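Only one structure is covered here, and it is reproduced in the block below.
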Amino acid sequence: MILKLSTFVFKRVSKDLVSIAILFVTPLVLITILGTIADGAMNETLGIPQADAVALSMIMAFQLFAGFYTLELMKYDLLQDRKWRMMALPIPMHRYMYSILIVTILFGGLQSFALTHYTRLMYDVTWGSQLRLIGAILIISAAMQTMYLNIALFIKSFKTMERVAVSISFGSMLLGGVWFQLPDHAVLNFLGTYGNPYSLGENLLLGGMRGQWNIEGILTGIILILFTVMMIAISADKGRRMYR
Amino acid sequence: MIAKIENIVKRYGNHLALDCVDLSIKEGEILGLLGPNGAGKTTLLHGMMGLISVDSGEISIFGEDLYQNKQQIKRKIGLVTQEVTIFEDLTAWDNLAFFGSVYGLKGEELKKNIQETLEIVGLTNYQKKLPTKFSGGMKRRLNIACALVHKPKFLIMDEPTVGIDAQSRNYILETIGKLNEMGTTILYTTHYIEEVEAISSRVVILDQGHVIAEGTKEELIERIQHEEKINLQLSGDKDAAVKEIQALPGVKEAIVIKGEIHIISQAGSGNLEQILAIGKKHGGVMGINSEKPTLEDVFLTLTGKGLRDGEEG
């Protein structure tokens, strides 16, 4: 049933041209412009070409915001007027949440995967093993979408939900050093490496780009998986209580 | 008996939304649930489907306890929501396929049910279109169709005709009649009295969380039918006729307004024939009509004429 309903959710998401324009076309355009400006320079901090670093940060940044797919679907289906119709159906509504989640994880992942191919063709960005890349993208996507699912479940006002989501996304990018490097301080260094979803995702992808299985990459992968499992467990409990 | 609700109470903070409500719905009937804004109609519907928890009372649907068999009971009920809650980004067909799938329909059975439902609501020619291109009436009809695709035994309709044109409303009311003829029991909630008058076999009036009246239209009208209005058009001496009419037992008032004699008489007093005789005596009757109370008179008598700006729960 969960998978069957996912097909309808997928149809809806794939027709949401505004979201696709914001979350897929915009990074595509930005990568094209910034990649052209990079022009063969090296990114000293990450130790990869600047074009690769641009592609990496754009994909991660828009992965963070791709959680809005989950937020919007939750809002329209289970938190506004439609919730009465959905609750009148003979299935527990917390299960329908997983139909949404399956689609948004795959759809968000698919968009990022398409972007990696675009950057490989345009700027010869090295993403490493395709299998490892797909796995990493799906782990990152799952972490982001489950985080947004919990934002939708725990915050009552839609405005606050959106503000919290945007704050987390920009805050993560700030800690991840997207715009500038934070001061060299133990706490900030930890938060900038393991303490935010942006850095965790970046480290996971970076390991693949470098073709390494370094401890940082493995650790971030484990943290993201544990984070996702925790988010699913919390949402399952909350969802069950909300739609009893 | 399709549904039996006994003594249910629902509070929102200090606001008592439902106060010891009893309601029973018989198989095969169309029960019109009438009430002003904020009367508690939607709260009652949500409560009897288990969508909200009630503070006390018992609800049994199809003879089963709602809280012990909620999912099984829901399989046999269709809910038409007050708001249009279709998926605007899915075609009419896909909307019905979604809801049909939830009820476990698949393959040929699902296809057949979708086709039949689209035909019932008159949207067969629009099955591949997105609802964004639909008129308000078409969206409302699709909204109803989504609750019909699994062929429910019991259909709950919460103000399904709000904000649509007369033609669409008429079509929907005819459709409800047809569904009822096909064996569907219907609970129809509205504040449009003429709709209840047109389709309901029995009426319940809810106000401020209380059931204040219940019965057939005729029974409810009977409750307030303590007086009748008679308008008499005479060609002769009206003043003399008025004096004689006023002297009749049971006549409360007889006055001339714009050349017509308006009489208010006690219902069942049998004055009509005597009034006609007086009319003939004073120059001849040109016209006479007697106004019976309507369901609207019942509703306004029982709920009052003051404005109601309440919130539905």
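Throughout, read-outs are computed from the coordinates displayed, never taken from laboratory work. In this text the structure is predicted, and so the values were computed from the model without any measurement. Here Cβ is always computed from backbone atoms with ideal geometry, including for glycine, and neighbour counts include all displayed protein chains.
Listed values, structure above:
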quantity: Simple Cβ-charge dipole of the protein assembly as shown, Lys/Arg +1 and Asp/Glu -1, about Cα centre, in debye nearest 20; calculated: 1200
quantity: Angle in degrees between helix A:215-242 and the longest Cα principal axis of chain A, rounded to the nearest 10; calculated: 10
quantity: B:Thr216 versus A:Asn214: modelled label distance in nm, points set 7 Å from Cα along the beta carbon direction; calculated: 8.6
quantity: Cα coordinate range in segment A:166-244, projected on the principal axes (Å, largest first); calculated: 47, 28, 20
quantity: Sequence-separation-based contact order of segment B:99-156, relative, with Cα cut under 8 Å and 6+ spacing, percent; calculated: 46
quantity: Stokes-Einstein diffusion coefficient of chain B, Kirkwood radius over Cα pairs, 20 °C, 1.002 mPa s, in µm²/s; calculated: 97
quantity: CD proxy at 222 nm, helix term only [per DSSP H run n ≥ 4: -39500 (n - 2.57); per residue of chain A; nearest 500]; calculated: -24500 deg cm²/dmol
quantity: Listed residues A:His185, B:Leu118, B:Val21: farthest to the positive end of the dipole of the protein assembly as shown (Cβ charges); calculated: A:His185
quantity: Charge dipole magnitude, Cβ of K and R +1, D and E -1 - segment B:3-222, Cα centre, debye nearest 20; calculated: 960
quantity: Listed residues B:Leu234, B:Ser201, B:Asn143: farthest to the positive end of the dipole of chain B (Cβ charges); calculated: B:Asn143
quantity: Centre separation in Å (Cα based) which lies between segment A:6-61 and segment A:81-104; calculated: 31
quantity: Calculated FRET efficiency for the pair B:Ala247/B:Lys133, C-beta based, R₀ 41 Å, to 0.05; calculated: 0.05
quantity: Rounded if a/c under 1.5, otherwise prolate or oblate - segment A:2-242, Cα gyration tensor axes; calculated: prolate
quantity: B:Ser235/B:Glu296 FRET efficiency (R0 41 Å; Cβ-Cβ; nearest 0.05); calculated: 0.80
quantity: Directionally averaged shadow of the protein assembly as shown, computed from the convex hull of its alpha-carbon atoms, nm²; calculated: 34.3
quantity: Rounded to 10°, Cα long-axis angle of helix A:50-65 versus longest principal axis of chain A; calculated: 10
quantity: Under 16 Å from B:Lys139, Cα to Cα: aspartates and glutamates that are on another chain or at least 8 residues apart; calculated: A:Asp81, B:Glu83, B:Glu88, B:Asp89, B:Asp94, B:Glu119, B:Asp158, B:Glu159, B:Asp165
quantity: For segment B:221-298, size of Cβ-based charge dipole, Lys and Arg +1, Asp and Glu -1, in debye; calculated: 220
quantity: Footprinting exposure proxy for B:Val298, A:Val164 (fewest neighbouring C-beta atoms within 10 Å first); calculated: A:Val164, B:Val298
quantity: Inter-label distance for B:Asp22 and B:Glu6, nm, one decimal - labels placed 7 Å from Cα along Cα-to-Cβ; calculated: 1.0
quantity: Using a Förster distance of 22 Å, the FRET efficiency for A:Lys4-B:Glu109 (Cβ separation, nearest 0.05); calculated: 0.95
quantity: Listed residue pairs exceeding 31 Å between alpha carbons, taken from A:Lys156/B:Lys26; A:Lys75/B:Lys128; A:Lys156/B:Lys129; B:Lys41/B:Lys74; calculated: A:Lys156/B:Lys26; A:Lys156/B:Lys129
quantity: Fully extended contour minus Cα-Cα distance, from A:Asn43 to A:Phe154, at 0.36 nm per residue; calculated: 36.0 nm
quantity: Relative contact order computed over chain A (Cα-Cα under 8 Å; 6+ residues apart), in percent; calculated: 23
quantity: Taking segment B:227-291 and dividing mean pair separation by its residue count, relative contact order in percent (alpha carbons under 8 Å, at least six apart); calculated: 50
quantity: Net lengthening on full extension, B:Met182/B:Gln72 (0.36 nm per residue, minus Cα-Cα); calculated: 37.4 nm
quantity: Zero-based 10 Å bins, Cα pair distances in segment B:31-187, whole percents; calculated: 11, 39, 36, 13, 1
quantity: Segment B:227-291 - convex hull of alpha carbons, volume per residue in Å³; calculated: 66
